[in-house]
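> Got a structure for you, written out below as structure tokens; questions coming shortly.
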Amino acid sequence: MATSATRRNFDVERVVDAALDLLDRGGPAALSVRAVAAELGVRPNALYTYVADRAALERAVVERVLGEADVDLLDGSPATWRRRITAYAGALRAVLLAHPGAVGLFMTAPMDGPSALVVGERLIAALASAGLSAEDASRGAYLLIVHVLGSVALEVAETEGRPPLPPEAERVAARREALSSADPAAFPWTARTADTAATWVTTTQYDWDLATLLHGLAGRAQT
């Protein structure tokens, strides 16, 4: 049973620390209110002072992970908008890959905390500085977040969800082996592009995607 001294020695930040540690060590299945309470040495009911329920805990973890990427990378002159967005997107991807167990939470918990609002504001501003209309800049910000989160989620889905992820070369080899079973007569394009498809979960593919998205967004810029 937790004593009053124990309760005074942890707060919501420590609750999130414990939750993230569990996810990092045990993957997505490791997170629960009971497990976090055990990690902190308190009863589960004690956590409700800091997080209202499991959903609130997941939301707090999402906010923490999102806040680890340096949003100041999005600041700068209009001429550098592509470089700024590329730098921030890369930083966010690196943070997500460092916490693969938490990536699934971004698909179930809303991103509506202070960090999420700042990220959205800065992304929209960066795209607006490229000459996009306010509406296109807003849609573009969403598109970029979906790209980063979606690409990482698909990478993590092929792993156990614990850091560090297996090396890219190892994951590519496993994908190539799996694709080798596709019947070329039934799936000619799959067979023809198997070497490329095997690299879908790599930084090379991520970079290609992002550059293509930014090129398309630039084409919508107002002249």
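> Given the structure, is ALA89 under 15 Å from VAL15 (Cβ atoms) and either at pLDDT below 95 or within 15 Å of the chain's Cα centre (by Cα) (or both)? Reasoning before the result, please.
Numbers: under 15 Å from VAL15 (Cβ atoms): no; either at pLDDT below 95 or within 15 Å of the chain's Cα centre (by Cα) (or both): yes.
So ALA89 does not fit the description; no.
> Do you know which residues across the stretch 46-75 are at pLDDT 95 or above, part of a loop (DSSP other than H, G, I, E, B) and either surrounded by 15 or more Cβ atoms within 10 Å (Cβ to Cβ) or not acidic (Asp, Glu) (or both)?
Correct list: GLU68, ALA69.
> Residues of the stretch 194-223 being assigned to a loop (DSSP other than H, G, I, E, B) and under 25 Å from ALA153 (Cβ atoms), which ones?
Filtering the stretch 194-223 down to residues assigned to a loop (DSSP other than H, G, I, E, B) leaves 198-202, 220-223.
The answer is ALA198, THR199, TRP200, VAL201, THR202.
For every residue, the table says whether it meets (1) assigned by TED's automatic domain parsing to the domain that holds ALA18; (2) within 13 Å of the chain's Cα centre (by Cα); (3) without any contact (Cβ under 8 Å) to a residue 24 or more places away in the chain; (4) farther than 18 Å from ASP24 by Cβ.
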position: ALA46; (1), (2), (3), (4): yes, no, no, yes
position: VAL61; (1), (2), (3), (4): no, yes, no, no
position: ALA94; (1), (2), (3), (4): no, yes, no, no
position: ALA98; (1), (2), (3), (4): no, yes, no, no
position: GLY101; (1), (2), (3), (4): no, yes, no, no
position: PRO114; (1), (2), (3), (4): no, no, no, yes
position: LEU123; (1), (2), (3), (4): no, no, no, yes
position: HIS147; (1), (2), (3), (4): no, yes, no, yes
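> Next up: Restrict the check to the stretch 171-193 and report whether at least one residue is farther than 22 Å from ILE124 by Cβ, among the hydroxyl-bearing types (Ser, Thr, Tyr) and part of a helix (DSSP H, G or I). It would help to see each step written out before you state the result.
As a first pass, look at the stretch 171-193 and keep what is farther than 22 Å from ILE124 by Cβ: 171-193.
Then keep just the ones that are among the hydroxyl-bearing types (Ser, Thr, Tyr); that gives 180-181, 190, 193.
Now drop any that are not part of a helix (DSSP H, G or I), which leaves 190.
Scanning the stretch 171-193 turns up at least one residue that is farther than 22 Å from ILE124 by Cβ, among the hydroxyl-bearing types (Ser, Thr, Tyr) and part of a helix (DSSP H, G or I).
> Identify, please: which residue in the stretch 1-14 is within 20 Å of GLU63 (Cα to Cα) and either loosely packed, with under 14 Cβ neighbours inside 10 Å or at pLDDT 95 or above (or both) and is, among those, farthest from the chain's Cα centre (by Cα)? Write out each step before concluding.
Taking the stretch 1-14 and keeping what is within 20 Å of GLU63 (Cα to Cα), we get 10-14.
Next, from what is left, pick out any that are either loosely packed, with under 14 Cβ neighbours inside 10 Å or at pLDDT 95 or above (or both): 11, 13.
Numbers: ASP11: 25, GLU13: 20 Å.
Here the residue is ASP11.
> What single numbered condition from (1) of a type in the set (A, V, I, L, M); (2) surrounded by 13 or more Cβ atoms within 10 Å (Cβ to Cβ); (3) under 22 Å from ASP24 (Cα atoms) fails to hold for ALA87?
ALA87 satisfies all of (1) of a type in the set (A, V, I, L, M); (2) surrounded by 13 or more Cβ atoms within 10 Å (Cβ to Cβ); (3) under 22 Å from ASP24 (Cα atoms) except (3).
> Next question. Report, ordered by the first and then the second residue, all pairs with beta carbons closer than 6 Å, sequence separation of six or more or different chains, a first member in the stretch 70-89 that is without any contact (Cβ under 8 Å) to a residue 12 or more places away in the chain, and a second member that is not in a helix (DSSP H, G or I).
Listed by first residue and then by second, the contacts come to nothing, as the list is empty.
> Where residues in the stretch 98-154 are part of a helix (DSSP H, G or I) and polar (S, T, N, Q), which of them is surrounded by the most Cβ atoms within 10 Å (Cβ to Cβ)?
Filtering the stretch 98-154 for residues part of a helix (DSSP H, G or I) gives 98, 100-107, 114-129, 134-154.
So of that shortlist, the ones also polar (S, T, N, Q) come out as 115, 129, 138, 151.
Numbers: SER115: 18, SER129: 18, SER138: 16, SER151: 21.
Once the filter is applied, the top-ranked residue is SER151.
> Check off (1) within 21 Å of LEU117 (Cα to Cα); (2) of a type outside the set (Val, Ile, Thr); (3) modelled with pLDDT of 95 or more; (4) surrounded by fewer than 17 Cβ atoms within 10 Å (Cβ to Cβ) for ARG25 and give me the number that stays unchecked.
Against the list (1) within 21 Å of LEU117 (Cα to Cα); (2) of a type outside the set (Val, Ile, Thr); (3) modelled with pLDDT of 95 or more; (4) surrounded by fewer than 17 Cβ atoms within 10 Å (Cβ to Cβ), ARG25 comes up short only on (1).
> Taking into account only those residues within the stretch 165-190 that are of a type outside the set (Lys, Arg) and in contact (Cβ under 8 Å) with a residue 12 or more places away in the chain, which is nearest to LEU23 (Cα to Cα)?
Here is the first cut: in the stretch 165-190, the residues of a type outside the set (Lys, Arg) are 165-170, 172-174, 177-190.
This time we only want the ones that are in contact (Cβ under 8 Å) with a residue 12 or more places away in the chain, so: 165, 168, 172-174, 179-180, 182.
Values: LEU165: 13, GLU168: 21, VAL172: 25, ALA173: 26, ALA174: 25, LEU179: 30, SER180: 33, ALA182: 35 Å.
Per the stated criteria, the residue is LEU165.
> Moving on. Among the residues of the stretch 184-202, is there at least one that is loosely packed, with under 15 Cβ neighbours inside 10 Å and closer than 24 Å to TRP81 by Cα?
No, that holds for no residue.
The values are calculated or read from the model by the stated rules, or taken from the named source; none is laboratory data. Quantities reported herein were computed from a predicted structural model and do not represent experimental measurements. Cβ sites come from the backbone with ideal geometry, for glycine too, and all protein chains shown count toward neighbours.
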